[in-house]
Amino acid sequence: MKNYRIGVDIGGTFTDIVLLDDDGNVISRKISSSVENYARAIVEGLESVFAEHGVAPREVAEIMHGTTVASNAILELAGARVGLVTSKGFRDVLELRNLRMPRLYDLTWEKPPPLVERYLRTVVDERVSAAGEVVRPLARDDAARAVRRLLDEGVEAIAVCLVNSYANPVHERVVAEVVRELAPDLPCCTSFDVLPEIKEYERTSTTVVNTYVLPIVERYLNTLRTGLDARDLRAPLLIMQSNGGLTPAAEAATKPVNIVESGPAAGVVGARAVARQSGLENVISFDMGGTTAKASLVERGEYTRTREYSVGGGIMTGSRLLTGGGYLLNVPAIDLAEVGAGGGSIVHIDTGGSMQVGPRSAGARPGPVCYGLGGTAPTVTDAGVALGHLNPSFLCAGELPINADASRRALEDTVARPLGLTLEHAAWGARQVAIANMIRAIRAVSSERGRDPRDYALFAFGGNGALFATGMAEELGMRTIVVPPAAGLFSAFGLLYAEIEHHYSRTVRRVLRDADPASIDAIYRDLEAQADAQLAADGFDTGHRACTRTAMLHYQGQIYELEVPVSTGRIDRAGLNALTESFGREHAHTYGHRAGAEEPVELVTAQVLGRGLGDRPRVPERLRLADRNAESGSRRAYFGRMHGWIDTPVVARAALGGGGEGPCIVEEYDSTCLVPPGVRATVDASGNLVLTRPDP
Amino acid sequence: MSGHVDPIDFELFKNALFATADEMAVTVCRTTYSGVLRDNMDFSTSITDAAGNVIAQGLTLPMHLGSVRTALAAVLAHYDHDMRESDVFVLNDPFEGGMHLPDIFMFKPVFAGGERVAFACCTAHQADIGGRVPGSNAADSTEIYQEGLRIPPMRLFDAGKRNETLWRLIERNVRIPVQVFGDIRAQLAACEIAEREIRAQVTRYGMEPARSMMREMLDYTERMTRTALRALPDGEYDFEDWIDDDGVDFGAPIRLFVTVRKSGDRIAFDWDGSAPQVRGAINATLSVTAATSFTAIRSILPADVPNNDGTFRAVEVTAPCGTIANVVQPGACAARGLTAFRMLDCAFGALAKMAPDQVCAASDGGNVGISVGGYRADRSPFIYVDFTCGTWGGRPFADGLEGNANLLANMAAQSAEVSELENPVEILASELVTDHCGAGRFRGGAPFYRDYRVREEEATVQIRSDRQTHRPYGLHGGRPGAPGAVVLNPDDGAKTLTSKVTMTCHRGDVVRWVLPGGGGWGDPLERDPKRVLRDVRNELVSPAAAERDYGVVVDTGRWTVDDAATDGLRARRRAARTTDALPFVTWNDPD
């Protein structure tokens, strides 16, 4: 009997399924994402793959799942009808937000509508001080009145967030009890359970998002579980979280706020793991698809994480300076920067006479001109076709026919002629401008944090990642590029590498040099106890549970924190001093300067990460993929003014096993890799295409 | 496009410089110590060419738009031919390039191959710069000498060597040197980032092409600006508005008056007719007036016009010397922000005549500033400062926003919980107010109020607000928003105070401010009754006001509009009107 692990990643248009057995054999399948019922599509997709490859349901050890069900509920404003109970005087925290808007000089700006409308926000008369003392006790009757009012409005779930509850949740607990009494089956989330941290807007927003998606995620996961059970597929179902760790489906259903960025995280998880196998500890992942490009930084083999991000704020363009566009979440997530640039981005000329790429996208429909589905505006993909980078007749091993003449005509008419450029210069220019846009995502995770991209390898995947990787690397001065096998399906692959993780945190807000080490120690031990209990509940025995500590620190008065590791063992005065010093070093590393020793360093948040450990590597080092590459031969491709048009060999990845040199094009079922002149290409032991740019 | 500039190279070069300006801003934002920078985002970053024209400004404070050039010109007047690599220049004097004393302008000349190619610039509002009041921001100072340390254009670094004289002078004159130097370090770091990136770009493209592309960045913006201006109707449009008073001469309103002249691809803002400069510290330098005028016109230009000095070649801003719009020595100007916000409303009023389908009715008039300061029992000082605004006027196409920053300063709210933890104040409420938004087809934004309770034995409380006597105007038949208010102990005697006030409070005292409501746009009787229903249900409009202002009758039991009653009521309201014409601007309620 074989032993399969399965990764299922839902994307915008396709759902990718990957099966992996213990010997490293890979089966993959792309199915259409049927939006009405994702769960059914997955179950039916699995059934058909099983039938085709003779897999028995009992042979499946576990199913790892990256899902957009939570983020879609938010983006489409299709979550539950939620009621919010909050403190008297603070009914509008959710709506007033942080006041800031993501755009300047824009009189047409509209705020995202609050997930709970004002008439569904009720207040209770109570007050807890910043020190956690009850200043004004909450009368149970008052809580009952507030809850009843919401029940009368027919809410499907209730969120509770009271002022200063991070310091003492006693009143939130009272409201939750009242909800349980009056409506025992109604989902109810208190902010202390979701995010026991200071800042009323951030905590309210996070709690409301959790409540808003909870019934939807719960229903979805139940349907999926039932569907799997009905096919005798009893393997555990694990859900990818935004932070890069897996969590059991039951846990995801109670804290769905952790799985909102489930999909994009999986690719970074895979990038980190695959790069590690290849001996690369420092990489920047670059995931480019049809409409967006995303970047994330992996340093010393670890992800960089953020604790604050927005969903539904539109695509981040430029830097991440201006916030306020979406729904704020304060939960740990892999730090991803995203720009609205992809294969479908439209190439045009602005009123100043400059060439622009995006932000408008032709999307999947009508798509690029070359698809012949009615698109008339030239896109980045059309530029790729005109330059000979992409196959001029078809993509996806023949499944998608291409009209190269249409691409060329559209570029000629709308861009080249008006600008007085040759067609190839215009198409190459569109490529370069797209690269310049996408570089902003990479800079946001690297140079904006004091990291020099040249110290990192570029790990490229997604439908278009490999096509643009060398161009990106050249602009950034990066030498090494890694393109994993099945780059176009890589997010589904990433799921197979993930481990079970749980994150816990608490607001501390104490200056290190004045803090009592024992009380800091107690906070970390308490968080570790929580992590340990959850891992035990997940079925890990003591030898397979591990906790790591980190601290979010800043100079007192700063608003942003930096994350610094905290050593295990009892925390004493020397430990706090060491922490102060590592923060100073990190500040200097990130921002190029640090303050003098006299400046107080404040511990803002204590964090603990609990990991469930497996007995062996999650994925065999050597994968065996079915080679569905259809083409080989050669075609003319354009490589910029210096090289011009070159008759370029089109090869299979395997052909580069012994090493080779560009120019060449590696054409595969799910992506195309461009190797410019002078770039060395090899395939490593794990099947990765490794490109090395020459020394400058 | 100029003939010798490659359009692709140009787009790449432009993108790189704007990304750098943003990256500078991120560094300042992430490392700053002061609430003014971190929450109010009261700073800006930019890159200029070798002559001092801004070619790329970061996405920062609009109020600084156009001010960098003035400041850099003051530096160049002294040091143009006396600059070396690793020099850093600073200034803050409003009468020699600055805007008000807390804003320290910093410039680092960038050299490549021994030639000056650019300047990296970072302007930041320091949390304190000395003077008679903590925070150096008082509205009731009456001369510049009371407002703090004045720094004329000077070297902070001389070929990389720190100017210890200036450094120590600053250290002795500010109340919180740790914070101030922390923020100066952040400014320096931002300039270094820019220096590195600009050099890389010049190396990549070569000196001459880089210079050509910098010129083209200005030309390109100018072309886009002129193209957009040409599409607007020519003519002369004026507007008048009033500031309640300056907080020194109480009850004496201050006139703002602007004439906008639009002809072809040029536009001019002429502030002649505005009041003489006042004794209180709300006088604006010409650079503030210019930045405000730029923000107004910039807000109705297409979004993709880059932010640089190219725009200003098509925009002229003038104001007679010695007026509130162009202060001369020794006028005080620390709280010039108040006037800037009000000038924006005034400029929008004029632009609304030119572009009626683009411009909104009056906002809340800018932020309310509150500071609570004093000494704790152990004699340690505390100072809590918060600037908040958040209400837009109704727009020709949508309601005014509520709980949203002003266009002139994209500031964030401070967390009440953090404020309570760090300061001896308690925030008891921060909530929207019913029936304060100006009625209109598109109503003004609903304002919010905030209650603070003092938790120390004694504290000096200072409030700077406006629009108590001169309400946010409505446009095209829209009604004005409710006036702002400041109240001491609202639930215990409720003493109403003036818009600008400095007072001593004691433990347990509660201070409330209420923002003014946004003005409405268009005839309230034309408002979709379903929108009125929604406002009533959300308790932003009372059922009585729905009938009185909108002629809409709401069944509050079933949450429906009583269509028949509404039609009847609206018909009677229309019949009672003496004229069909809607007034362009409305300052007060009917009767």
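The values are calculated or read from the model by the stated rules, or taken from the named source; none is laboratory data. Computed from a prediction, not measured in an experiment: that's the story for all the values here. Note that each Cβ is placed from the backbone with ideal geometry, even for glycine, and that neighbours are counted across all protein chains shown.
Observations
- Qualifying residue in region B:441-449 (condition: facing chain A (nearest Cβ under 7 Å), touching a strand residue (DSSP E or B) at 6+ places or on another chain (Cβ under 9 Å) and either under 28 Å from B:Ala127 (Cβ atoms) or of a type outside the set (Gly, Ala, Ser) (or both)): yes
- Scanning region A:566-579 for residues that are closer than 21 Å to A:Arg509 by Cβ and in contact with a Lys or Arg (Cβ under 7 Å, 6 or more places away or on another chain) yields a single hit, A:Val566.
- Taking the numbered list (1) away from every other protein chain (no Cβ under 11 Å); (2) modelled with pLDDT under 90; (3) in contact with a helix residue (DSSP H, G or I) (Cβ under 6 Å, 6 or more places away or on another chain) in turn, A:Arg451 passes all entries but (3).
- The residues of region A:491-524 that are surrounded by fewer than 16 Cβ atoms within 10 Å (Cβ to Cβ) and part of a helix (DSSP H, G or I), listed by number, are A:Arg513, A:Asp514, A:Ala518, A:Ser519, A:Ala522.
- Test: residue in region B:148-163 that is farther than 22 Å from B:Asp82 by Cβ, aliphatic (A, V, I, L, M), under 25 Å from the mean Cα position of the chain (by Cα) and not in a loop (DSSP other than H, G, I, E, B): no
- Pairs with Cβ under 6 Å, 6+ apart, first in region A:78-91 and within 7 Å of chain B (Cβ to nearest Cβ), second part of a strand (DSSP E or B) and of a type outside the set (Phe, Trp, Tyr): A:Gly89/B:Leu428; A:Gly89/B:Ala429; A:Gly89/B:Glu431; A:Arg91/A:Arg121; A:Arg91/A:Val123; A:Arg91/B:Glu431
- Within region A:61-69, one or more residues are surrounded by fewer than 19 Cβ atoms within 10 Å (Cβ to Cβ), away from every other protein chain (no Cβ under 14 Å) and at pLDDT 90 or above.
- Pairing residues of region A:502-529 that are under 18 Å from A:Lys255 (Cβ atoms) and touching a residue at least 60 places away in the same chain (Cβ under 8 Å) with residues that are hydrophobic (A, V, I, L, M, F, W, C) and assigned to a helix (DSSP H, G or I), at Cβ distances under 8 Å and at least 6 apart in sequence or on separate chains, gives A:His502/A:Ala531; A:His502/A:Leu535; A:Tyr504/A:Leu527; A:Tyr504/A:Ala531; A:Ser505/A:Leu527; A:Arg506/A:Ile523; A:Arg506/A:Leu527.
- Residue in region B:473-481 that is under 25 Å from B:Val385 (Cα atoms) and buried (at least 24 other Cβ atoms within 10 Å of the Cβ) present: no
- Selection status of B:Gln126, surrounded by 24 or more Cβ atoms within 10 Å (Cβ to Cβ), among the polar types (S, T, N, Q) and within 24 Å of B:Arg172 (Cβ to Cβ): yes
- Strands (runs of 3 or more DSSP E) lying entirely in region B:349-446 (those with 1 or more residues that are modelled with pLDDT of 95 or more and touching a Phe, Trp or Tyr at 6+ places or on another chain (Cβ under 7 Å)): B:425-432
- Looking only at residues of region A:389-411 that are over 18 Å from A:Ala430 (Cβ atoms) and of a type in the set (Gly, Ala, Ser), we find that the one that is nearest to the chain's Cα centre (by Cα) is A:Ala397.
- Residues being in contact (Cβ under 8 Å) with a residue 12 or more places away in the chain and more than 30 Å from A:Gly312 (Cα to Cα) - total across region A:114-136: 11
For (1) among the hydroxyl-bearing types (Ser, Thr, Tyr); (2) assigned by TED's automatic domain parsing to the domain that holds A:Pro600; (3) modelled with pLDDT under 95; (4) surrounded by 20 or more Cβ atoms within 10 Å (Cβ to Cβ), each residue gets a yes or a no:
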{"site": "A:Glu528", "(1), (2), (3), (4)": "no, no, no, no"}
{"site": "A:Asp541", "(1), (2), (3), (4)": "no, yes, yes, no"}
{"site": "A:Ala546", "(1), (2), (3), (4)": "no, yes, yes, no"}
{"site": "A:Ala551", "(1), (2), (3), (4)": "no, yes, no, yes"}
{"site": "A:Glu561", "(1), (2), (3), (4)": "no, yes, yes, no"}
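- Test for A:Tyr638: is it within 14 Å of another protein chain (Cβ to nearest Cβ), aromatic (Phe, Trp, Tyr), within 27 Å of A:Leu562 (Cα to Cα) and in contact (Cβ under 8 Å) with a residue 40 or more places away in the chain: no
- Residues of region B:1-28 that are in contact with a Phe, Trp or Tyr (Cβ under 8 Å, 6 or more places away or on another chain) and either at pLDDT 85 or above or more than 7 Å from chain A (Cβ to nearest Cβ) (or both): B:Asp9, B:Phe10, B:Phe13, B:Lys14, B:Ala25, B:Thr27, B:Val28.
- One residue stands out in region A:169-204 among those that are part of a loop (DSSP other than H, G, I, E, B) and within 13 Å of chain B (Cβ to nearest Cβ): the one that is farthest from A:Val608 (Cα to Cα), namely A:Lys199.
- In a residue-by-residue description of region B:393-406, the property of being away from chain A (no Cβ under 14 Å) and out of contact with any Asp or Glu (no Cβ under 8 Å at 6 or more places or on another chain) applies to no position.
- Test for B:Ala210: is it among the aliphatic types (A, V, I, L, M), more than 10 Å from chain A (Cβ to nearest Cβ) and not in a helix (DSSP H, G or I): no
- Candidates in region B:29-51 are the residues that are small (Gly, Ala, Ser) and part of a strand (DSSP E or B); of these, the one that is farthest from the other protein chains (Cβ to nearest Cβ) is B:Ser46.
- A:Tyr212 passes every criterion in (1) surrounded by fewer than 17 Cβ atoms within 10 Å (Cβ to Cβ); (2) of a type outside the set (Lys, Arg); (3) more than 30 Å from A:Ala51 (Cα to Cα) apart from (1).
- Which numbered condition A:Gly54 fails, given (1) free of Cβ contacts under 8 Å to residues at least 24 places away in the same chain; (2) under 30 Å from B:Ala409 (Cβ atoms): (2)
- Single condition A:Asn168 does not satisfy, out of (1) crowded, with 17+ Cβ neighbours inside 10 Å; (2) touching a residue at least 60 places away in the same chain (Cβ under 8 Å): (2)
- Of all residues in region A:70-84, those being surrounded by fewer than 20 Cβ atoms within 10 Å (Cβ to Cβ) and either over 24 Å from the mean Cα position of the chain (by Cα) or closer than 26 Å to A:Glu399 by Cα (or both) number 1.
- Entirely in region B:230-276, the strands (runs of 3 or more DSSP E) that have 1 or more residues that are surrounded by fewer than 16 Cβ atoms within 10 Å (Cβ to Cβ) and touching a residue at least 24 places away in the same chain (Cβ under 8 Å): B:235-243, B:254-263
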